[in-house]
Amino acid sequence: MLLYRGMDKAALDAAYNNTAAVGIPKRDQYVAGWSARSDAIRKAHGGKIDLRYGAEPRQRLDFFACGTPGAPTLAYIHGGYWQLNDKEPYAFFGETLLPAGFNLALLEYTLAPAARMDQIVAEVRAAVAWVIDHAAELGGDPRRVFVAGHSAGGHLTAAAMSDARVAGGLAISGIYDLEPVRLNYLNDKLGLDADEAARNSPILHLPSSAAPLVVSVGLDELPELIRQSEEYWAAWHGKGLPGQYVPLPGHEHFSILEELAQPSGRLLAALKTLAQRA
């Protein structure tokens, strides 16, 4: 039985399985490298660890200050298809962000199946609001808080753009229409019904106005991931909302993060441009 865009369940499962597309050994190699680099950042910079933005166990964030008073802040939202992962392996972004004059906040949120998508989206919005509300006391500029995220974090970045105080966003390899997710293996833990999928699909809820959003995807990613980014950018831009589409040749789903973690990275350059215009 065809479920979505000519795909049956098996095809739809494969169309969204980034780990299978890249390979488990390669994925594990990335994660091990990120974790080691993140440990080094925590040792070098300390940071404020496990700041609470809510009462639930995973409603917490880490904050690394670059040392420049009134600096812009990037609030980063990890991926893991809303059901895996933690904030800790992503401190490695501090390798480039801190020397470039950005504070870095790493956001964590309750994972499925302990939380439904409605709650996950609400938690991330609350975390971003907390960073804005507390930016000044942490050494940042509340008018220059940017949001970025990868994969599920790209979806949550798009959802966070509904806060008019967000100065800009960077949505990387995101999912913007949850309907195919509802129909594939990911829904075993997410438990989405049609209404909840629609309610939390950013492509169906574009803001009337927003700060600039950079939408990026690797051109070696799964075709469905590329389509999701292309269609979301077309909808965003088509509504007259500001931003930029940055497709990146030569990157799959995990290697693309180095474009934010390297001094010459194209996503780092896009973030710097956002900050200069804010």
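The values are calculated or read from the model by the stated rules, or taken from the named source; none is laboratory data. Everything numeric in this text was worked out from a predicted model, so none of it was measured. Glycine gets a Cβ as well: all are built from the backbone with ideal geometry, and neighbour counts include every protein chain shown. Just so you know, the surface numbers come from the protein's heavy atoms only, side chains and all, with ligands and any DNA or RNA stripped out. Shrake-Rupley method; radii C 1.70, N 1.55, O 1.52, S 1.80 Å.
Here are some notes:
- Count - residues of the range 39-66 that are within 15 Å of Leu97 (Cβ to Cβ), touching a residue at least 60 places away in the same chain (Cβ under 8 Å) and open to solvent by 40 Å² or more (accessible area, probe 1.4 Å): 1
- Residue match in the range 141-151 (condition: in a loop (DSSP other than H, G, I, E, B), at negative phi and touching a residue at least 60 places away in the same chain (Cβ under 8 Å)): no
- Candidates Leu213, Leu178 - the one that is aliphatic (A, V, I, L, M), surrounded by 15 or more Cβ atoms within 10 Å (Cβ to Cβ) and within 23 Å of Pro142 (Cα to Cα): Leu213
- Qualifying positions in the range 106-141 - more than 15 Å from Leu74 (Cβ to Cβ), open to solvent by less than 20 Å² (accessible area, probe 1.4 Å) and touching a Leu at 6+ places or on another chain (Cβ under 9 Å): Glu108, Tyr109, Ala112, Met117, Ile120, Val121, Glu123
- Residue, most open to solvent (accessible area, probe 1.4 Å), within the range 71-86, restricted to residues that are under 18 Å from Ala171 (Cβ atoms) and part of a loop (DSSP other than H, G, I, E, B): Asn85
- For the range 205-233, filtered to residues that are among the hydroxyl-bearing types (Ser, Thr, Tyr) and in a helix (DSSP H, G or I), the residue that is nearest to Gly79 (Cα to Cα) is Ser229.
Yes/no matrix, rows are residues, columns are (1) assigned to a helix (DSSP H, G or I); (2) within 17 Å of the chain's Cα centre (by Cα):
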residue: Ala126; (1), (2): yes, yes
residue: Ala129; (1), (2): yes, yes
residue: Glu137; (1), (2): no, no
residue: Leu156; (1), (2): yes, yes
residue: Ser162; (1), (2): no, yes
residue: Leu192; (1), (2): no, no
residue: Ala197; (1), (2): yes, no
